[in-house]
Amino acid sequence: MDYASRFFDDKHKLSIGATRQTTEITIAATTENFEPTPLTLDDLGVSNSDNSYFIDYRYKFSERWSLFAGAYSFSGSGENVWSRDFNFDGTEFTANTRVRADLEIDTYMVDLLYTVHRSDNVQVLLGAGFHALDFGIGLRGRLEINGESAEVATAGTTLLAPVPNVRGSASWALNDRIYVSLVGGWLSANVDEYEGDFVYAHLRGFYRIGEKFGVSLGYQSTDIDIKRVRATDTVDLNAQLDGPTVTLTYSF
């Protein structure tokens, strides 16, 4: 029985979803003549879990070709304090270093997809396109000694530029209500002073409610490796974002 046409032949499909991501992020920065000091989210006082949201839209404009657009976000902020007591010339001092961290990784992509395989219950698509990374790290430091404080350092980096990506998906319709889908892709981060990439995979099980609406539960995993290299300094970001997802779809 041709279950695939029920799920995959809609001209428009809009999806809005949320994910509870568990994150493992390490940031390391160094300047000339200094060794890098890696920092984790715990070091920076940033929570290692985050409620994020995403939205995507697929437009099927011919039997084989589709246009896909999506936006995905991760952000987190926090503050931590390191304390040290010391004695100078017989006087006791307490020094606190207070660091505020703000992290943001937003991705906006547009892909052109081609249906390379289609049967009564299976569909496979491959494609490529461009995406923009809105990637920012901000660190602000403040030194406090016996209640007196002063800002001692600020640092940050940001990237927003169109770069290429590739994307693929495979979907299998189990019956006239349920299908499963696996989406994966690679996103380049090689532009200007930056180098690196994103690799992601998203497995979902969909249940169609009536003719237009559907809901899915899934699991998403993203691996990020970005480095900014300049003549005098280097910033490394390594991140693993994993977690369950829930998605509401509207097809028409």
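The values are calculated or read from the model by the stated rules, or taken from the named source; none is laboratory data. As the structure is a computational prediction, the values presented were derived from the model and not from experiment. Here the Cβ positions follow ideal geometry from the backbone for every residue, glycine too, while neighbour counts run over all protein chains shown. We work out accessible area using only protein heavy atoms, side chains counted, and drop any ligands, DNA or RNA first. Shrake-Rupley method; radii C 1.70, N 1.55, O 1.52, S 1.80 Å.
A few remarks follow.
- Surface listing: Asp10, Asp223 arranged by accessible area from highest to lowest gives Asp223, Asp10, probe 1.4 Å.
- Residue-level accessible surface for Phe198, protein heavy atoms, 1.4 Å, Å²: 10 Å²
- Other-chain or far-sequence residues with amide H under 5 Å of Asn121's (modelled H): Ala4
- Gain in span if fully extended, Ile55 to Arg20, counting 0.36 nm per residue against the direct Cα distance: 11.1 nm
- Spin-label proximity, Leu126 to segment 174-190 - amide N less than 15 Å from point 7 Å beyond Cα toward beta carbon: 184-186
- Lysines with Cα under 29 Å of Lys60, excluding same-chain neighbours fewer than 8 positions away: Lys11, Lys13, Lys212
- Rounded FRET efficiency, nearest 0.05, which uses the C-beta distance separating Val166 from Val229 and R0 of 25 Å: 0.55
- Net +/- balance of residues flanking Ser188 in space, Cβ distance below 10 Å, scoring K and R +1, D and E -1: -2
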